[in-house]
1. Return the total of residues in the range 100-122 being in contact (Cβ under 8 Å) with a residue 24 or more places away in the chain, small (Gly, Ala, Ser) and surrounded by 17 or more Cβ atoms within 10 Å (Cβ to Cβ).
2. Can residue 71 be described as modelled with pLDDT under 95, open to solvent by 70 Å² or more (accessible area, probe 1.4 Å) and hydrophobic (A, V, I, L, M, F, W, C)?
3. Assuming residue 125 fulfils every condition listed in (1) farther than 20 Å from residue 18 by Cβ; (2) open to solvent by less than 60 Å² (accessible area, probe 1.4 Å) apart from one, which condition is it?
4. Given the criterion of a type in the set (Phe, Trp, Tyr), modelled with pLDDT under 95 and either open to solvent by less than 10 Å² (accessible area, probe 1.4 Å) or in a helix (DSSP H, G or I) (or both), identify the matching residue among 41, 86.
5. Say we look at the range 23-38 and pick out the residues that are hydrophobic (A, V, I, L, M, F, W, C) and under 13 Å from residue 157 (Cβ atoms); which of these is most open to solvent (accessible area, probe 1.4 Å)?
6. Of the conditions (1) in contact (Cβ under 8 Å) with a residue 60 or more places away in the chain; (2) open to solvent by less than 10 Å² (accessible area, probe 1.4 Å), residue 55 fails just one. Which one is it?
7. When residues of the range 12-22 are filtered for being open to solvent by less than 40 Å² (accessible area, probe 1.4 Å) and more than 16 Å from residue 154 (Cα to Cα), how many remain?
8. Pairs please, first residue from the range 149-160 and assigned to a helix (DSSP H, G or I), second anywhere and surrounded by fewer than 14 Cβ atoms within 10 Å (Cβ to Cβ), Cβ atoms under 8 Å, 6+ apart in sequence or on different chains.
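The values are calculated or read from the model by the stated rules, or taken from the named source; none is laboratory data. All figures in this text were calculated on a predicted structure; none of them were measured in a lab. No Cβ is skipped: glycine too gets one built from the backbone with ideal geometry, and neighbour counts run over all protein chains shown. To get the accessible areas, we keep the full protein, side chains included, count just its heavy atoms, and leave off ligands, DNA and RNA. Shrake-Rupley method; radii C 1.70, N 1.55, O 1.52, S 1.80 Å.
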Amino acid sequence: MNHYLTGFCQTTEKLLDSNQVRMMGRWKHHGQISTLDHSLFVAYWSYRLARKFGWDEHAAARGGLLHDLYLYNSKDKSAHPGLQCFDHPRAAARNAAGLTALSDKEKNIILSHMWPLGGQLPRSREAWLVDLVDTFCAGLELAGIYHPARLREQLGVTPLLEEEPALAPC
């Protein structure tokens, strides 16, 4: 594992182990790309670029990983009748805040990642970075140029595709 992957794993370890993040593997986001794979792709490249520029790579990685933590099938309009592109940043921010303590910068990264569609203006270099990386990664995924499942496999993150059975008491 290269030093970027190692640093990214150390920064996001607790989030990568959480069921909520792993559940993002249940839903397709861009074509056949799962929300988990897309979020890992965005988070890793945001981390890497922020580190290169000397910016807050921890906020970029955490905000990038949690930017699409909305946990519903965005293609099913009966289950979620709102306009997905306008609503999902707020749902992701609520879910992320329930999962972990968020800095103001991380919360803004999540809420502004669809700017100008999502509503909130990015207020830091890291928020602008995640917004741009998200757009770039989505373009690569939709064009079929890159499938980010390779990154998930390198990181050793296993999607939680269905309910895990309860553990039997010892």
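1. Selection size over the range 100-122: 1.
2. For residue 71, the condition - modelled with pLDDT under 95, open to solvent by 70 Å² or more (accessible area, probe 1.4 Å) and hydrophobic (A, V, I, L, M, F, W, C) - is not met.
3. Of the numbered conditions (1) farther than 20 Å from residue 18 by Cβ; (2) open to solvent by less than 60 Å² (accessible area, probe 1.4 Å), the odd one out for residue 125 is (2).
4. 86
5. 23
6. Just one mismatch for residue 55, condition (2).
7. Selection size over the range 12-22: 3.
8. Once the first residue is assigned to a helix (DSSP H, G or I) and sits in the range 149-160, its partners that are surrounded by fewer than 14 Cβ atoms within 10 Å (Cβ to Cβ) give 154/1.
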